[in-house]
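These notes concern the structure reproduced below.
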Amino acid sequence: MAPLDPPRRLLMGSGPSNAETRVLQALAAAPLAFDDPAFEVMLEELSERARQVMQAPRARAALAVPGASRAGLEAALASAIEPGERVLVGVYGHFGELLCTLAARHGAVVERVDAEWGTPVSPEDMARRVRQLRPKLAAIVHADTSTGIVQPLEALGAACRDTGTLLLADTVLSLGGCEVAIDAWHVDAAVGGLQKCLGGPPGLALLTLSSRFVAAVTERRTLPRTAYLDLARLVHTWQTPLARTEISTPMLMAAHEALGMVLGEGLEERWARHERASLALRRGLEGMGLSRFGDAEHSVPMITLVRVPEGVDEGGVRAQLLAEHGIEIMAAFGPLRGRVWRIGTMGTNAALPSVLAVLGGLEAVLASRGVALRRGAAVDAARAASG
Ligand SMILES: Cc1ncc(COP(=O)(O)O)c(C=O)c1O
C-alpha cells in the first residue's frame, strides 16, 4: 500500500493552523516510558512553560489533559460543578454556547449573559450578575473564534474573587496570539489548545488551575459524572509516574516544544507579530474592496471576519481557493453562516508571506467569478501596512 501522502495546505482558517516544523519533529521523536527520569524532567518543564505562557505563576497545577481542547473545558466544568449548582456563562459566540452545553450536561443550573454576535458581553453586566447570583462558577470564552471578538476579563475576575466564585476562561484561541494574564485577571481555570496560535497539532488541552480550583475539585461531596476527565484524578496522575499511562507522550513532547518556541520568541514579540499580520491582512481585504464584520475595537489579531460580497457563493469560493491555491479559509457558524468568511493569522501563519498568499488567492478566485474588485490593490495595501 502507498504511504499516506496528504496534500500540502496553507491553513488560514479558524484552526488548526499549520504546525511548526520543530513541533512536528518533537511529535515524531521516539516515545519514552512514563517513569523515565527524562520524561519526568520534560513534564516539569512543560508545566513551567504553561505557567509562563498563561502568565499564571501562582497556579497550583499546570497540566495537559488528553483529548481536544474541549476535553479540557469539559474536565474543568465536570470536576468543579455538582448537580444543581449554579453556573453563569457569558455567551457572545459559538464557544460560549459550548460552555453552556457542557455545564448543563454535568448537572449545572445554567444562567446566561448574552451579547449579540460581533460584540463582547458587557463586562459590567457580567460582573453585576456574579455579585447578584453568587454562582459556584462563572465561565466565559476569552476570544471567540466564531466572532473574532475578545472579551475583557478584569471586572469579571474581580467580581469572582470578591464573591468566592470560580472563574473558568477558554483561552484556546487567544493563547500565544494576544495577551493572556491568568493570575492578574483572577482566572481560576484556564484552558488552551495547541492548534491555533501555539503552532502545534490539535489533540491536547493545556490547563492551569488555581489553589481555589484544585480545592473545589478535590473537596466536592459527590463524584463527578466522568472518571476519565476527573481533574482531581488527572492532577494526581500528572504527579504520579506509574499512573500516567493514559497521556500520549508524543503529544506532550509537541506541547513542550510549542511552548518553548513561544517563550523563545517572547510573549510580547509574538503578540506584536500577530497584530502586524492581522493589520496587513485587514488593509489588504479593504484594499480589495471587502468589508469586515464585527466590533473593530474588540477584534482579536488572530482571526478576521470578512463579509461575503452580495451574490457570491460563499462555499464555492472556499472550495475553489482550496482546490486551485491549496489555501483553506473557513465558513462561519450560526447566525453568520453563509454571510462571512473567517481568515486566520495564527502561529506560524501570522506572517506576511501567508497573508499575501491568501490575499492573492482570494482575489484571483473572486475575479474569476466576475466580482468587480481592484486587482493588485490587496497585496500592495498589505505590503504597505507591514512597513
Ligand atoms: C475558542 C475556542 N474554544 C474551544 C474550541 C474547541 O477546540 P477543540 O476543537 O480542540 O475541542 C475552539 C476550537 O475551534 C475554539 O476556537
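What residue among 210, 248, 278 has the largest mean-square fluctuation in a Gaussian network model of the chain, using Cα springs under 10 Å? Fluctuation is largest for 248. By the helix-only formula, in which each DSSP H run with n ≥ 4 contributes -39500 (n - 2.57) and the sum is divided by residues, the chain has a 222 nm mean residue ellipticity of -13500 deg cm²/dmol. Derived scalar couplings between HN and Hα for the stretch 119-136 equal 9, x, 5, 5, x, 5, 4, 5, 5, 4, 5, 4, 5, 6, 7, 6, x, 5 Hz in order, rounded to whole Hz, by the Karplus curve 6.51 cos²θ - 1.76 cosθ + 1.60 (θ = phi - 60°), x for Gly and Pro. The fewest-to-most ranking of 142, 325, 236, 106 by surrounding Cβ atoms within 10 Å reads 236, 325, 106, 142. A simple rule links phi to the HN-Hα coupling: the Karplus curve 6.51 cos²θ - 1.76 cosθ + 1.60 with θ = phi - 60°, which for the stretch 225-230 gives 7, 10, 8, 4, 9, 6 Hz, with x for Gly and Pro. I'd like the antiparallel share, as a percent to the nearest 5, of DSSP beta bridges with both residues in the chain. For the chain, the DSSP antiparallel bridge percentage is about 50.
For residue 186, nonlocal amide neighbours, meaning residues 5 or more places apart or on other chains whose placed amide H falls under 5 Å from its own, do not occur. Taken about its Cα centre, the stretch 1-140 carries a charge dipole of about 440 debye when Lys and Arg each add +1 at the Cβ and Asp and Glu each add -1 at the Cβ.
Charging the Cβ of each Asp and Glu at -1 and of each Lys and Arg at +1, and nothing else, the dipole of the chain about its Cα centre rounds to 540 debye. When each of 162, 295 is scored by the number of other beta-carbon atoms lying within 10 Å, the sequence from fewest to most is 162, 295.
Sorting 288, 12, 1, 42 by the number of Cβ atoms found within 10 Å of their own Cβ, with the fewest placed first, yields 1, 42, 288, 12. With the Cα gyration tensor of the chain giving a ≥ b ≥ c as the square roots of its eigenvalues, does the rule (a/c under 1.5 for rounded; else a/b larger than b/c for prolate; else oblate) give rounded, prolate or oblate? Oblate, since a/c reaches 1.5 and b/c is not below a/b.
Mind pulling the angle between the C-alpha long axis of helix 314-325 and the longest principal axis of the chain? Nearest 10 degrees, somewhere in 0 to 90. It is inclined by approximately 80 degrees. The HN-Hα couplings worked out from phi for the stretch 183-188 by the Karplus form 6.51 cos²θ - 1.76 cosθ + 1.60 (θ = phi - 60°) are 5, 4, 8, 6, 7, 8 Hz, whole numbers, x standing for Gly and Pro. Taking the alpha-carbon centroid of each part, what is the distance from the stretch 177-224 to the stretch 129-172 in angstrom? What the calculation gives is 13 Å, centre to centre. Residues whose amide H lies under 5 Å from that of residue 138, counting only those 5 or more places away or on a different chain, are 88, 166, 167, 168; hydrogens are built 1.01 Å from N in the peptide plane. Enter the angle in degrees (range 0 to 90, nearest 10) between the Cα long axis of helix 69-80 and the first principal axis of the Cα atoms of the chain, meaning the one along which they spread out most. Between helix and principal axis, roughly 30 degrees. Taking amide H as placed 1.01 Å from N in the peptide plane, residue 293 has its amide H under 5 Å from the amide H of 305, 306, 307, each at least 5 places away in sequence or on another chain. Using Cα atoms only, what is the angle between the long axis of helix 352-368 and the major principal axis of the chain, expressed in degrees (0 to 90) to the nearest 10? Helix 352-368 sits roughly 50 degrees off the main axis of the chain. What's the longest uninterrupted piece of the chain once you rule out the trypsin sites (Lys or Arg not before Pro) that are loop residues per DSSP with at most 12 other Cβ within 10 Å? With a cap of 12 other Cβ atoms within 10 Å, the longest stretch comes to 59-220.
Coordinate-derived values only; no laboratory data. Owing to the predicted nature of the structure, the values given are computational and were not obtained by experimental measurement. Methodologically, a virtual Cβ is constructed for each residue, glycine included, from the backbone with ideal geometry; neighbour enumeration extends over all protein chains shown.
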